[in-house]
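Written out below as structure tokens is the structure these notes cover.
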Amino acid sequence: MRTVTIRAELDKALAQLPRPVALVPTMGALHAGHAALIAAARRTAATVVVSIFVNPRQFANAADVARYPRTLESDQQLAEAAGAHLIFAPSVDEIYPPNEPLTSVEPGPLASRLEGASRPGHFTGVATVVSRLFDLVRPNEAYFGAKDAQQVRVVEWLTAQRTDHIKIHRVATVRDGDGLALSSRNQMLSAAGRAAAARAIPVALSLIAEAYASGVTSVAMLRALAERVLAAEPSLSLDYLDFADGATLVQLSENAQIGDAAPGEVLVSLAAVVDGVRLIDAITLP
Ligand code: PAF
């Protein structure tokens, strides 16, 4: 496995690697969730490229960009062990050359609620960098984690606007033993914050899944079950717990019954802040 940092090296390396090419876009600080994306990509593509780039354009402020973990050496080891063939780890100037016009890519209608509402500009940053990575790597397919459920839908929308027919794959969330979804941000939690997050977030979502499986379909009742668990952790501040149509991301009303309200899957997504760290998680109800 090789690591390249500039476009010319990337082009040269790609010319020597077989197609189809799968891209696993990441911001680094790789963990077992990323390994699962790489392993899944390995099963469908001849070449797996992992991009590692902390994209300043999807953060609200420079302090958040600065404190995002950067662990290139261990990332290289994890990516290689998981089966990646090439890492593309560019600098900010390589992705956004100072001498090129700074054009933003529209993230589309699915980006307006949830993370889009709480983090203005976030999905414009994601759409811009993902488009740029797609242009540079020219993959046949790309892999994203189901935890970032809205991001996957936004990327699917974005891909449908393009002409290069990149197939988007969604890989199931990987969880730690305590149920917390793996995220590079977990490293920024204190031990107490992590324990509180694990007692609340995955438990709230599991309660919803279990109640739904046993026949509870009222959005209001499912919400009440989850909110009781979330409210029991004073160090956790809930931003949203949302029930939406999994395809359109249109919110289900509080008096809706799941099954009547959406023709396909329902997305239950949650965002909360613990220790100043924003955590998101999501499940789907069939
Ligand atoms: O999910 C992430 O890590 C990022 O949002 C992505 C897709 C790599 C774009 O920077």
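Hey, rough spin-label estimate for Arg138 and Leu72, points 7 angstrom out along Cα→Cβ, what's it come to in nanometres? Roughly 2.6 nm, to one decimal. With the highest mean first, a sort of the peptides 56-69, 202-215 on other beta-carbon atoms found within 10 angstrom per residue produces 202-215, 56-69. Only beta bridges with both residues in the chain are counted; by DSSP, about 50 percent of them are antiparallel. When the Cα atoms of the stretch 5-155 are aligned to their principal axes, the ranges along those axes come out at 39, 36, 29 Å in descending order.
Taking the Cα centre of the stretch 177-286 as origin and assigning +1 to Lys and Arg Cβ atoms and -1 to Asp and Glu Cβ atoms, the resulting dipole is close to 300 debye.
Once you sort the root eigenvalues of the Cα gyration tensor of the stretch 1-85 as a ≥ b ≥ c, which label holds: rounded (a/c under 1.5), prolate (a/b larger than b/c) or oblate (the other case)? Prolate, since a/c reaches 1.5 and a/b exceeds b/c. Between Met1 and Ala15, the contour length at 0.36 nm per residue exceeds the alpha carbon distance by 3.6 nm.
Using the Cβ-Cβ distance between Ala213 and Asp245 with R0 set to 22 Å, the FRET efficiency from 1/(1 + (r/R0)^6) comes to roughly 0.65. Surface composition of the chain: carbon and sulfur make up 55 percent of the accessible area, probe 1.4 Å. Scanning residues 5 or more positions from Tyr240 or on other chains, those with amide H under 5 Å from its amide H are Ala271, with H placed 1.01 Å from N in the peptide plane.
Decide, for the chain, between rounded, prolate and oblate: order the square roots of the alpha carbon gyration tensor eigenvalues as a ≥ b ≥ c, take rounded if a/c falls under 1.5, and otherwise choose prolate if a/b is larger than b/c, else oblate. Prolate shape, in that a/c is at least 1.5 and a/b is the bigger ratio. In degrees from 0 to 90, rounded to the nearest 10, what is the angle of the helix 191-213 Cα long axis to the longest principal axis of the chain? Value to nearest ten degrees: 70.
Taking amide H as placed 1.01 Å from N in the peptide plane, Val266 has its amide H under 5 Å from the amide H of Gly246, Leu285, each at least 5 places away in sequence or on another chain. Computed 3J(HN,Hα) for the stretch 247-258, one whole-Hz value per residue from the Karplus formula 6.51 cos²θ - 1.76 cosθ + 1.60 where θ = phi - 60°, is 8, 8, 6, 6, 5, 7, 6, 4, 8, 6, 9, 5, glycine and proline marked x. The amide H of Arg175, built 1.01 Å from its N in the peptide plane, has Leu182 as neighbours under 5 Å, considering only residues 5 or more places off or on other chains. Backbone N atoms of the stretch 229-249 closer than 13 Å to the 7 Å Cα→Cβ label point of Ala192 belong to residues 234-236. Looking at the square roots a ≥ b ≥ c of the eigenvalues of the Cα gyration tensor of the stretch 55-109, which shape do they give, rounded for a/c under 1.5, prolate if a/b is larger than b/c, or oblate? Note, shape of the stretch 55-109 comes out prolate. I'd like the distance separating the alpha-carbon centroids of the stretch 41-69 and the stretch 115-182, in whole Å. Cα centres, the stretch 41-69 to the stretch 115-182: 11 Å.
For the stretch 1-152, report the accessible area per residue in Å² (1.4 Å probe, heavy atoms, rounded to an integer).
Working: 6410 Å² over 152 residues.
Here the per-residue accessible area is 42 Å².
Full extension of the chain segment joining Ala172 with Asp275 gains 34.5 nm, where the gain is 0.36 nm per residue of separation less the Cα-Cα distance. 3J(HN,Hα) along the stretch 104-112, derived from phi through the Karplus expression 6.51 cos²θ - 1.76 cosθ + 1.60 where θ = phi - 60°, amounts to 9, 9, 5, x, x, x, 6, 8, 7 Hz, with x in place of Gly and Pro.
The values are calculated or read from the model by the stated rules, or taken from the named source; none is laboratory data. None of the values given here were measured: they were computed from a predicted structure. Methodologically, a virtual Cβ is constructed for each residue, glycine included, from the backbone with ideal geometry; neighbour enumeration extends over all protein chains shown. For the accessible areas, the whole protein counts, side chains as well, though only heavy atoms, and no ligand, DNA or RNA atoms are used. Shrake-Rupley method; radii C 1.70, N 1.55, O 1.52, S 1.80 Å.
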